[in-house]
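Notes follow once the structure below has been shown.
The values are calculated or read from the model by the stated rules, or taken from the named source; none is laboratory data. What you see is a predicted model; the values in this text were computed from it and never measured. Neighbour counts are summed over all protein chains in view; Cβ atoms, including those assigned to glycine, are modelled from backbone coordinates with ideal geometry.
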Amino acid sequence: MTRPRFDRILLKLSGEALMGPGQFGIDPDTVANMAAEVKAAKEQGLEICLVIGGGNIFRGMAGAAKGMDRAQADYMGMLATVMNALAVQNALEQMGVETRVQSAIKMDQVCEPVIRRRAERHLAKGRVVIFAAGVGSPYFTTDTGAALRAAEMKCDALFKGTSVDGVYDSDPKINPKASRYDVIGFDRVLADDLKVMDASAVALCRDNNIPIVVFNIREPGNLAKVLAGSGTATVVMNEE
């Protein structure tokens, strides 16, 4: 399948992608490598939005599983995503890429509030917009936040950067015979519970006809390759 040309994308990264070889926190070298991937994609002429998870610092569901109030734990996880967003902003701007962070929780001293028209203006001026703090409410994951922002910003696709090179019929880390899909439908992903993103995020992309492109962000230069149509990835889309 020839992938379509995208003009505006939302790139979703997990917080764990920023840990590098560590088990916790933010690794500056890894963040710099991620920023270089985004810069290379930007140089292809794309408008780019980013959403970054917070699992490298605090994950709300994990806190709730240990007895914390779920809403309180989720708010803590949202704050973790703001820290990650600021770290990536710093790395991008050190490379000469203009960036703005918009947070769904007001933090006027460090970032802007989420204002769609302002974000549109930033993209028109060639800036990368990083959306932080999920949707601003508990009980929603950053995957759902990414799908929401992709729909809100009328993105052509949502790119999900992971540690594997696509969607498989079973976990390739456990089953060496797992088979990778080049293209798969949203309904099949939901019916087979393939864990591409959480179900609400997949359904939101399906209902707004936003393809999800799943690829390995840890491979250097892979984002630019996938955008050019040559890299390995799986496209989740509405089947005709």
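Annotations for the structure displayed:
Each row is one residue, and each column tells you yes or no for (1) within 23 Å of G145 (Cα to Cα); (2) free of Cβ contacts under 8 Å to residues at least 12 places away in the same chain; (3) not hydroxyl-bearing (S, T, Y).
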| site | (1), (2), (3) |
| --- | --- |
| K195 | yes, yes, yes |
| A199 | yes, yes, yes |
| R218 | yes, no, yes |
| L223 | yes, no, yes |
| S230 | no, yes, no |
| T234 | yes, no, no |
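- Scan of segment 51-74 for residues that are closer than 19 Å to I26 by Cα and touching a helix residue (DSSP H, G or I) at 6+ places or on another chain (Cβ under 7 Å), ordered by number: V51, I52, G53, G54, G55, N56, I57, F58, R59, G60
- Criterion: in contact (Cβ under 8 Å) with a residue 60 or more places away in the chain, touching a strand residue (DSSP E or B) at 6+ places or on another chain (Cβ under 9 Å) and among the β-branched types (V, I, T) - qualifying residue of V31, V38, V101, V110: V38
Each row is one residue, and each column tells you yes or no for (1) closer than 30 Å to N208 by Cα; (2) surrounded by fewer than 22 Cβ atoms within 10 Å (Cβ to Cβ).
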residue	(1), (2)
L10	yes, no
E16	yes, yes
G22	no, yes
D27	no, yes
M34	yes, no
K39	yes, yes
I52	yes, no
R70	yes, yes
D74	yes, no
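- Test for I105: is it buried (at least 16 other Cβ atoms within 10 Å of the Cβ), closer than 22 Å to A32 by Cα and touching a Gly at 6+ places or on another chain (Cβ under 8 Å): no
- Residues satisfying the stated conditions in segment 159-187, i.e. free of Cβ contacts under 8 Å to residues at least 24 places away in the same chain, surrounded by 13 or more Cβ atoms within 10 Å (Cβ to Cβ) and either among the hydrophobic types (A, V, I, L, M, F, W, C) or closer than 23 Å to F140 by Cα (or both): A178
- Among the residues of segment 201-211, the one identified as exposed (fewer than 15 other Cβ atoms within 10 Å of the Cβ) and either touching a residue at least 24 places away in the same chain (Cβ under 8 Å) or closer than 17 Å to L13 by Cα (or both) is N209.
- Failed item, numbered, when M68 is tested on (1) at pLDDT 95 or above; (2) not in a helix (DSSP H, G or I): (1)
- Matching entry among A124, A119 (being touching a strand residue (DSSP E or B) at 6+ places or on another chain (Cβ under 9 Å), under 21 Å from V38 (Cα atoms), hydrophobic (A, V, I, L, M, F, W, C) and exposed (fewer than 13 other Cβ atoms within 10 Å of the Cβ)): A124
- Conditions (1) surrounded by fewer than 17 Cβ atoms within 10 Å (Cβ to Cβ); (2) under 25 Å from G45 (Cα atoms); number of the one not met by V235: (1)
- If you filter segment 1-39 down to residues that are within 23 Å of E120 (Cα to Cα) and in a loop (DSSP other than H, G, I, E, B), you find that the one that is modelled with the highest pLDDT is D7.
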